[in-house]
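Have a look at the structure below, then the notes.
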Amino acid sequence: MTIQKTINGNEAVLSLEGWLDTVESPKLQAELDNLESNIDSLVLDLAGLQYTSSSGIRQIVSAYKKMKGALVIRNTSEGVMGVFKATGLDKKISFE
Amino acid sequence: MSIKGNYMEGTNSNGTVIKRKKRRVSILTRISVIFLLAAVVSGICSAVLIRRYLVQDEARKCELAARTAEISAELIIGSIDAAKRMKTDIVFRDYVHELFRDLCKAAGLKYIYIYRFRDDGIREFIMTAAGDDAEDEYVSKVRGFGKTSDTPIFDIEKEILEGKSEGGYEFVKNKYGDVLSYIIPINDKNGDIVALVGVDYSMAFINERVSDSVETWIIIIVLMFILAFVASRILIKASVLKPLLMLSERMGRFIENNEYKYENSERNSHFEDEVSDIEKSFDRMTQDISGYLKEIGNLNFEKAQNETQLSVAKRIQNGIVPEEFSLLSDSCETYGLMLPAKSVGGDFYDIFNIDDKRVCMVIGDISGKSVSAALFMVMVKMYVKENLQTGMSPAEALNNTNLDLCRSNPENMFATVFVCVLDMNTGELTYANAGHNKPLLFGNRNEYIEVKTGMPLGMFTDPVAENEKLRLKKGDGIFVYTDGVTESINGDSIQFGETRLNETVATKKDTASEGLRDVVRTVVDSVMTFAEGLEQFDDITCAALYYSKDADDGIVIKRDMKSFAIIRNTLLSVMGDNDNSRNAVLACEEIFANIVSYSGADSIHFSFEKSEDICYVSFSDNGVPFDPVNAAAPDKEFEDLDTGGMGIMLVRMYSDEMIYSRKDNRNNLMLKFVKA
């Protein structure tokens with residue numbers, strides 16, 4: 001999995017591509033841990049994401065908590081969206 | 001002359017060392033003092049001796065004059081006629097007096113006098129003459145013819161009168177001065193003494209002459225002494241003291257100089273002498289000492305180097321045998337142990353997977369010991385492993401290694417190696433032997449495998465080994481060892497031997513439950529007990545492989561999330577990459593992650609079956625019991641999702657069926673996926 005980061009003022013956009021599985025999810029965790037302190041809102045662009053496991057869900061939830069809810073997820077594929085729905089992620093996070 | 005403190009060591013009654021200061025006096029000073037003393041003593045002695053000699057010499061001159069006077073006197077007054085004439089004839093008397101006075105003057109005498117002793121012992125002068133005119137006038141009156149003197153008779157006069165002496169001298173001090181008197185008898189024709197003639201030499205005159213001579217002589221002697229002293233001083237300084245000083249400086253430098261540099265001492269000397277002998281000895285000694293020190297230094301350095309090399313080599317040897325036996329399968333158990341002898345030996349063993357289904361065991365023994373053997377061992381081990389891992393059969397691997405070793409083997413070392421490869425799926429054991437001890441079969445049956453011996457590696461370029469095959473049954477094991485095991489001797493020089501080894505291994509019947517480790521350790525312990533009290537002279541190495549084909553068919557997976565790639569790729573390749581297959585992968589990942597994180601299993605198998613539109617995926621692990629089917633899967637709130645716990649829920653959601661069983665201490669889970 002690859003992650004691309006774009007900064008627009010106080011907003012960061014992370015574009016994920018590939019498989020977000022148990023082995024790969026620490027990359028996302030590292031990316032979140034290293035976000036600049038002025039970032040107060042986060043966009044996850046999942047257009048290139050083909051797969052996520054529960055470890056990926058965990059990272060997204062902790063990102064949501066870190067941004068105090070200011071998290072938007074974009075371009076989620078149908079398959080990944082299924083996992084999100086199954087875990088109840090869609091109840092809190094706004095999808096575009 | 002410098003005086004330095006020099007200490008002499010002594011020991012008092014308490015045993016403590018006391019130091020007494022010794023005065024330093026140069027050899028030259030001491031020699032000078034000796035010379036001075038010698039000069040003074042010899043000056044005094046020679047002065048006395050020379051003086052005596054010179055006085056005698058003067059006395060001889062005096063005698064000469066006296067003889068002349070005697071002859072004259074005899075001629076003149078030797079006859080009675082002449083004596084009578086002297087008495088009467090004054091003219092004749094004057095004539096004779098004149099004659100003797102001239103003689104006095106000519107011979108430098110003070111007096112000449114002729115006299116006789118009367119019967120009453122009184123001297124009666126016949127004639128007296130003096131060299132000095134005024135004195136002559138005086139003495140011719142008071143000591144003239146017929147005059148007498150009561151001067152006592154001298155010893156020499158007595159001797160002459162008694163006929164004991166032909167003349168002699170006497171030192172006389174009287175009113176006429178301090179003189180040497182030489183007295184000679186005057187004989188008549190019959191030989192009777194008629195008168196005596198005496199001649200007087202002035203002692204003052206004699207002393208003056210003698211003193212002059214003595215002074216000259218003393219000056220000459222002293223000069224000679226000074227000359228000799230200066231010459232010997234120069235000689236001693238140049239040929240003894242200076243070289244000695246140089247030598248002493250060089251000794252000092254040699255002692256202080258830690259580099260023990262040899263200094264060439266060639267001095268410009270034209271002669272060989274005692275000092276040059278010392279110098280030569282010193283040179284030889286410094287060279288010897290320097291040599292010894294260098295040698296000692298080298299020895300220490302070499303010793304340290306050797307010890308370092310040995311410890312390095314030992315670490316290499318110990319580090320090169322496997323410590324963990326984490327094979328990708330549990331259908332095969334392996335264990336190995338090496339007990340190196342004191343010095344570095346050349347034993348090694350190796351156990352590794354060639355691939356998922358094949359495990360390989362290698363054991364070897366290098367000829368010789370020490371570092372070179374250890375290095376050769378490393379080469380052999382690497383070559384063999386590399387060859388086997390590139391897919392070569394045991395014989396190919398050995399033959400190929402042999403060629404590589406023969407290409408560069410300056411020490412002409414060789415290695416005996418046995419290689420076997422077990423196919424864990426079929427139980428087929430392929431092995432090849434390059435001159436090593438025959439392996440022992442144990443478990444179901446206990447017997448040696450009669451392998452072809454082959455040739456050790458590194459000797460000849462001809463092929464050394466052939467492949468042979470054997471099918472192991474479940475419960476069969478292969479025990480390999482080095483000659484350190486069978487050739488260990490006890491106090492009676494009896495070898496441990498193959499029979500005893502077989503018997504020892506055979507006591508371990510229930511291999512599976514007691515573990516292979518126990519088999520190997522029992523053998524090593526038996527050998528150590530057998531050879532108790534004797535120093536271990538060779539490495540003791542054993543390794544064993546046990547075929548326990550008790551697992552279900554399936555792929556052996558390491559307990560590591562990275563290994564999930566194998567499962568994922570398998571599923572995707574079987575089911576195709578689509579949302580359904582990804583969901584199946586997701587379910588499997590959650591199961592596998594669970595096993596990896598919580599089971600503690602060290603054996604995980606994965607297998608799948610596929611019919612037209614249904615796929616069964618099975619997991620089997622020997623970890624703690626866990627039933628995902630009946631496990632509680634809490635319905636978590638969103639806020640708790642980052643703590644995990646969704647796995648089981650996802651598995652349930654994405655699998656079409658879950659079947660769990662616990663059998664043979666293993667969790668067996670089957671997931672069913674139906675294609676959309």
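Table for the structure above
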quantity: Cα centre as origin, Lys/Arg/Asp/Glu Cβ charges: chain B dipole, Debye; calculated: 3060 debye
quantity: Farthest toward positive dipole pole in region B:132-255 [+1 Lys/Arg, -1 Asp/Glu at C-beta], among B:Leu227, B:Ser140, B:Pro185; calculated: B:Leu227
quantity: Loop chymotrypsin sites (Phe, Trp or Tyr not before Pro), region B:445-526 (other Cβ atoms within 10 Å of the site Cβ: 12 or fewer; DSSP); calculated: B:Phe460
quantity: Net lengthening on full extension, B:Ala304/B:Asp579 (0.36 nm per residue, minus Cα-Cα); calculated: 92.2 nm
quantity: Per-residue [θ]222 nm for chain B (sum of -39500 (n - 2.57) over DSSP H runs n ≥ 4, rounded to 500); calculated: -14500 deg cm²/dmol
quantity: Calculated from backbone phi, Karplus (6.51, -1.76, 1.60) coupling profile of region B:373-378 in Hz, x at Gly/Pro; calculated: 5, 4, 5, 4, 4, 4
quantity: Solvent-accessible area per residue for region B:349-475 (1.4 angstrom probe, square angstrom); calculated: 41 Å²
quantity: Rounded to the nearest 10 Å², the accessible area of B:Ile71 at probe 1.4 Å; calculated: 90 Å²
quantity: Chains A and B, summed buried accessible surface - 1.4 Å probe, Å², nearest 100; calculated: 2000 Å²
quantity: Over region B:421-469: Kirkwood hydrodynamic radius from C-alpha pairwise inverse distances, Å; calculated: 12.1 Å
quantity: Charge dipole (debye, nearest 20) of the protein assembly as shown; +1 at Cβ of Lys and Arg, -1 at Cβ of Asp and Glu; calculated: 2660 debye
quantity: Exposure of B:Met382 as accessible area (Å², to 10), given a probe of 1.4 Å and all protein chains; calculated: 90 Å²
quantity: Distance violations [Cα-Cα > 26 Å] among A:Lys27/B:Lys672; B:Lys314/B:Lys357; B:Lys147/B:Lys175; calculated: A:Lys27/B:Lys672; B:Lys314/B:Lys357
quantity: For chain A: accessible area per residue (Å², 1.4 Å); calculated: 45 Å²
quantity: Relative contact order of region B:555-674, pairs being alpha-carbon contacts under 8 Å that are 6 or more residues apart, as %; calculated: 27 percent
quantity: Whole-number percent relative contact order across region B:65-207, with pairs defined as alpha carbons under 8 Å at least 6 apart; calculated: 25 percent
quantity: Portion, in percent, of the accessible area of chain B that falls on carbon or sulfur, probe 1.4 Å; calculated: 53 percent
quantity: Overall form of region B:575-676 per C-alpha gyration tensor (a/c, 1.5; a/b vs b/c); calculated: oblate
quantity: Cα centroid separation, region B:634-666 to region B:430-497 (Å); calculated: 51 Å
quantity: Candidate lysines for bridging to B:Lys675, where Cα separation is under 30 Å - those fewer than 8 sequence places away on the same chain excluded; calculated: A:Lys85, A:Lys91, B:Lys558, B:Lys562, B:Lys610, B:Lys636, B:Lys663
quantity: Over chain B, relative contact order from alpha-carbon pairs under 8 Å, at least 6 apart, %; calculated: 8 percent
quantity: In Å, descending, principal axis extents of the Cα set of chain B; calculated: 202, 66, 52
quantity: Between 0 and 90°, nearest 10: helix B:133-142 axis offset from chain B longest Cα axis; calculated: 60 degrees
quantity: Cα centroid separation - region B:161-188 against region B:552-603, whole Å; calculated: 158 Å
quantity: Protein-protein interface of region A:66-96, residues with accessible area decrease of at least 20 Å², isolated chain reference, 1.4 Å probe; calculated: A:Gly79, A:Val83, A:Ala86, A:Thr87, A:Lys92
quantity: Three-way shape call for region B:321-547 based on the alpha-carbon gyration tensor, with the a/c threshold at 1.5; calculated: oblate
quantity: Accessible-area order (highest first, 1.4 angstrom probe) of the listed residues B:Met455, B:Met224; calculated: B:Met224, B:Met455
quantity: Global form of the protein assembly as shown, assessed from the alpha-carbon gyration tensor, a/c cut-off 1.5; calculated: prolate
quantity: Label-reachable residues, region B:357-371, where backbone N falls under 13 Å from a point 7 Å from B:Val312's Cα toward its Cβ; calculated: B:371
quantity: Sparse-neighbourhood loop sites, trypsin sites (Lys or Arg not before Pro) in region B:120-224 - DSSP loop, at most 13 other Cβ within 10 angstrom; calculated: B:Lys164, B:Lys175, B:Lys189
quantity: Chain B: angle of helix B:242-256 to the longest principal axis, Cα-based, in degrees nearest 10; calculated: 20 degrees
quantity: GNM result for chain A, Cα springs below 10 Å: residue of A:Ile39, A:Ile57, A:Ile73 fluctuating most strongly; calculated: A:Ile39
quantity: Region B:548-641: GluC sites (Glu not before Pro) in DSSP loop, at most 14 other beta carbons within 10 Å; calculated: B:Glu612, B:Glu637
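The values are calculated or read from the model by the stated rules, or taken from the named source; none is laboratory data. Because the structure is a prediction, the values reported are computed rather than measured. Neighbour counts run over all protein chains shown; Cβ positions are idealised from the backbone, glycine included. All accessible areas refer to the heavy atoms of the entire protein, side chains included, with ligands and DNA or RNA removed. Shrake-Rupley method; radii C 1.70, N 1.55, O 1.52, S 1.80 Å.
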